[in-house]
Amino acid sequence: MSIVILRQDDKIEMWRQALQKAAPGITIYNGLEEHPKDIIDMALVWKHRPGSLADYPNLKCIASSGAGVDFIFEDTSAPIHLPITRVVDPMLASDMSEHVIALIFAHLKNLNRYKLDQQQKIWKPQNYSRIRDFTIGILGLGALGAVLANDLVHYGFKVNGWSRSKKTMKNVQTFTGMETLAAFLGATEILVCLLPLTKETTGILNKNLFQQLPKGAYIINVARGGHLVDEDLLMMLQQEHLSGAALDVFHTEPLPTAHPFWEHPKVHISPHCASVSDTASVVPQIIENHRRLLAGKALNNIVSIERGY
Ligand code: NAP
Ligand code: GLV
């Protein structure tokens with residue numbers, strides 16, 4: 001029984017070696033190289049080639065090497081009747097929290113404005129904001145959103161969070177379900193999207209949602225490009241209803257060079273790097289799930305096919 005790694009980037013061999021080192025008793029295959037298909041029982045996937053999962057007749061589990069699983073559901077030939085697992089990892093969560101907090105402070109202290117001014121040698125101090133000036137609203141209070149919320153509370157921010165099921169968190173005002181979304185948005189000055197990409201959440205960052213935010217609100221999307229309607233963001237920035245946006249994820253990655261976000265002075269771009277699965281932190285949970293699979297035990301971090309996350 002063996003594991004195959006299916007991804008199309010240059011990290012495939014790094015993952016193979018890390019898994020092989022952690023579990024010398026099983027063979028780990030690089031999916032880009034020739035390998036037997038019928039002995040594979042687990043596929044560790046990250047943006048794999050659509051269709052490739054269907055090549056394994058004895059596959060028993062699909063493991064995402066990230067937190068998100070949207071790319072698995074997008075592969076129409078993926079055997080999604082099998083258990084699908086994802087990464088839930090404290091390091092992934094703290095990395096995300098650090099990234100978002102860096103973006104929030106950059107916004108409060110006008111760092112993006114000064115970077116633009118520097119390019120033109122403009123010396124122009126701006127009024128800056130303080131932690132107490134902003135309420136942060138987090139869409140998604142899951143493994144990542146909840147850690148971010150607690151970290152922001154620790155810094156002294158007012159924090160609101162929105163989720164599907166009810167949450168109780170110390171010093172975080174929680175909102176549950178669609179019927180509370182308007183109230184959540186009305187009280188949010190910096191909006192962070194940490195939702196999974198599902199049928200319900202695709203395109204959620206749209207004109208209608210932006211209009212419910214107070215004028216001058218700032219958007220941070222670190223979840224998936226599919227959450228955002230790009231044209232609606234551009235329009236709301238142009239109308240100065242929104243003050244800016246920091247985007248880590250895009251409909252097409254890498255972001256095509258002709259995309260207007262690249263040169264927009266109020267859009268801060270990063271290349272889908274907010275939090276990246278660390279092999280040392282994640283490999284043990286993959287091996288543990290493989291062990292459970294062989295032992296016929298329940299797997300950890302299973303995704304719900306009905307919910308899509
Ligand atoms: P998670 O633990 O599954 O949490 C998702 C949260 O969203 C939960 O609180 C869930 O509510 C809420 N939610 C889902 N659908 C909803 C809906 N229709 N209405 C209201 N709330 C809804 O996911 P996670 O581990 O925090 O990760 C979130 C996403 O971050 C991933 O799916 C991935 O796309 C993205 N991500 C990006 C990066 C990056 O580098 N940019 C890195 C890692 C992850 P319940 O709690 O009620 O279920
Ligand atoms: C990264 O985007 C992840 O889903 O882990």
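The values are calculated or read from the model by the stated rules, or taken from the named source; none is laboratory data. Remember, predicted model here, so these are calculated numbers, not experimental data. Cβ atoms come from the backbone with ideal geometry, glycine included; neighbour counts cover every protein chain shown.
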- request: Scan the stretch 45-54 for residues that are away from ligand 2 (no atom under 16 Å from the Cβ) and touching a Gly at 6+ places or on another chain (Cβ under 9 Å) and jot them down.
  value: ARG49, SER52
message: I'd like the full set of residues that are assigned to a loop (DSSP other than H, G, I, E, B), buried (at least 18 other Cβ atoms within 10 Å of the Cβ) and within 13 Å of ligand 1 (Cβ to nearest atom), limited to the stretch 165-194.
response: LEU194
statement: Scanning the stretch 213-225 residue by residue, the ones that are buried (at least 19 other Cβ atoms within 10 Å of the Cβ) and within 16 Å of ligand 2 (Cβ to nearest atom) total 5
- prompt: On the given criteria, is ALA43 away from ligand 1 (no atom under 16 Å from the Cβ), touching a residue at least 24 places away in the same chain (Cβ under 8 Å), in a loop (DSSP other than H, G, I, E, B) and buried (at least 19 other Cβ atoms within 10 Å of the Cβ)?
  reply: no
query: In this structure, is GLU253 within 16 Å of ligand 2 (Cβ to nearest atom) and either of a type in the set (D, E, K, R) or at pLDDT below 95 (or both)?
result: yes
Breaking point among (1) surrounded by 15 or more Cβ atoms within 10 Å (Cβ to Cβ); (2) within 16 Å of ligand 1 (Cβ to nearest atom); (3) farther than 18 Å from ALA245 by Cα, for PRO90: (1)
task: Restrict the check to the stretch 23-30 and report whether at least one residue is aromatic (Phe, Trp, Tyr) and in a strand (DSSP E or B).
output: yes
- line: Scanning the stretch 243-258 for residues that are surrounded by fewer than 17 Cβ atoms within 10 Å (Cβ to Cβ) and either farther than 23 Å from ILE12 by Cβ or not hydroxyl-bearing (Ser, Thr, Tyr) (or both) gives SER243, HIS251, GLU253, PRO254, PRO256, THR257, ALA258
message: Can you list the helices (runs of 4 or more DSSP H) lying wholly within the stretch 57-120 that have 1 or more residues being in contact with a strand residue (DSSP E or B) (Cβ under 6 Å, 6 or more places away or on another chain), over 30 Å from ASP38 (Cα atoms) and away from ligand 2 (no atom under 16 Å from the Cβ)?
response: 90-108, 111-119
statement: Subset of the stretch 162-212, residues away from ligand 2 (no atom under 16 Å from the Cβ), in contact with a strand residue (DSSP E or B) (Cβ under 9 Å, 6 or more places away or on another chain) and closer than 18 Å to ALA245 by Cβ, comes to LEU185, THR188, GLU189, ILE190, LEU191, GLY203, ILE204, LEU205, ASN206, LEU209, PHE210
